[in-house]
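See below for the structure under consideration.
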Amino acid sequence: EPEVTQTPSHQVTQMGQEVILRCVPISNHLYFYWYRQILGQKVEFLVSFYNNEISEKSEIFDDQFSVERPDGSNFTLKIRSTKLEDSAMYFCASMRGRQGSEQYFGPGTRLTVT
Amino acid sequence: GIQVEQSPPDLILQEGANSTLRCNFSDSVNNLQWFHQNPWGQLINLFYIPSGTKQNGRLSATTVATERYSLLYISSSQTTDSGVYFCAVTIYNQGGKLIFGQGTELSVKP
């Protein structure tokens, strides 16, 4: 069964460094998402991406964040200059078609900023 | 914005017991999903259930969209069922983003 994959599973970085989190969505899916979960809290929406552009972003997704689909398979989240409060689990998700369809989640990347 | 409320926030069960987790939402939805977050932090998709009833082994779920709630039933619980259960919804014309509840933390004791 196709699945969403994410790399790395865990990344440790120093404050102020740039990080890129990578996701490979399911191949025939058209909608892509990033979510974040700070330890002990609920999962929060960051950004959605469709047709090679951002379709919606939350207030968390400020200028430090960017997303890209550099080729036909990868979907990346970049944090330009990490802060301590960026430490969280980051989940990528993809969805095949119309809004309201099932979203499939990757296993997550745990980001630790020291 | 839409409110997604889960109850109870915490639940402790003895192995073999049954439980019901509830998810209430404050607006009409076009998607509802139940997830189990395992000890490694992964979100395991349990059900995609915008309406109706589904069963998968010892787990089943029911969504009554007109009354804005969903229930997740766990029967004959096992220690491996421990973890946090989240429901998440999307609402019409809101871009498809999932809005998560706060979760129910389930602990099953041997």
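The values are calculated or read from the model by the stated rules, or taken from the named source; none is laboratory data. Just so we're clear, the structure is a prediction, and the values are computed from it rather than from any experiment. Ideal geometry is used to build each Cβ from the backbone, glycine not excepted, and the neighbour counts take in all protein chains shown.
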- Query: Out of (1) part of a loop (DSSP other than H, G, I, E, B); (2) over 25 Å from A:F49 (Cβ atoms), what's the single condition that is false for B:N24?
  - Reply: (1)
- Task: At least 1 residues that are on the phi < 0 side of the Ramachandran plot, at the interface with chain B (Cβ under 10 Å from one of its Cβ atoms) and among the hydroxyl-bearing types (S, T, Y) in each: list the strands (runs of 3 or more DSSP E) lying fully within the stretch A:21-93 that qualify.
- Result: A:31-37, A:44-50, A:53-57
- B:I44 fails exactly one of the following numbered conditions: (1) touching a residue at least 24 places away in the same chain (Cβ under 8 Å); (2) hydrophobic (A, V, I, L, M, F, W, C); (3) within 10 Å of chain A (Cβ to nearest Cβ). What is the number of that condition? (1)
- Considering only the stretch B:8-24, state which residues are within 14 Å of chain A (Cβ to nearest Cβ) and surrounded by 13 or more Cβ atoms within 10 Å (Cβ to Cβ). B:C23
- Item | Condition broken by B:P39, with the remaining ones in (1) more than 10 Å from every other protein chain (Cβ to nearest Cβ); (2) within 25 Å of A:Y50 (Cβ to Cβ); (3) modelled with pLDDT under 95 satisfied | (2)
- Query: Of all residues in the stretch B:66-110, how many are over 10 Å from the mean Cα position of the chain (by Cα), under 21 Å from A:Q99 (Cβ atoms) and part of a loop (DSSP other than H, G, I, E, B)?
  - Reply: 8
- Residue check, B:Y85 hydroxyl-bearing (S, T, Y) and under 23 Å from A:T109 (Cβ atoms): yes
- Query: For B:P50, which of the numbered conditions (1) in a loop (DSSP other than H, G, I, E, B); (2) crowded, with 20+ Cβ neighbours inside 10 Å fails to hold?
  - Reply: (2)
- Query: Out of the stretch B:59-110, which residues are away from chain A (no Cβ under 14 Å) and β-branched (V, I, T)?
  - Reply: B:T62, B:V64, B:T66, B:I74, B:T79, B:T80, B:V108
- Task: For the stretch A:5-20, enumerate the residues that are in a strand (DSSP E or B) and over 15 Å from A:F65 (Cβ atoms).
- Result: A:T5, A:Q6, A:T7, A:H10, A:Q11, A:V12
- Failed criterion for B:I12 (all others in (1) closer than 17 Å to B:A61 by Cβ; (2) assigned to a strand (DSSP E or B) hold): (1)
- Go through the stretch A:58-99 and count every residue that is more than 15 Å from B:L98 (Cα to Cα), in contact (Cβ under 8 Å) with a residue 40 or more places away in the chain and hydrophobic (A, V, I, L, M, F, W, C). 6
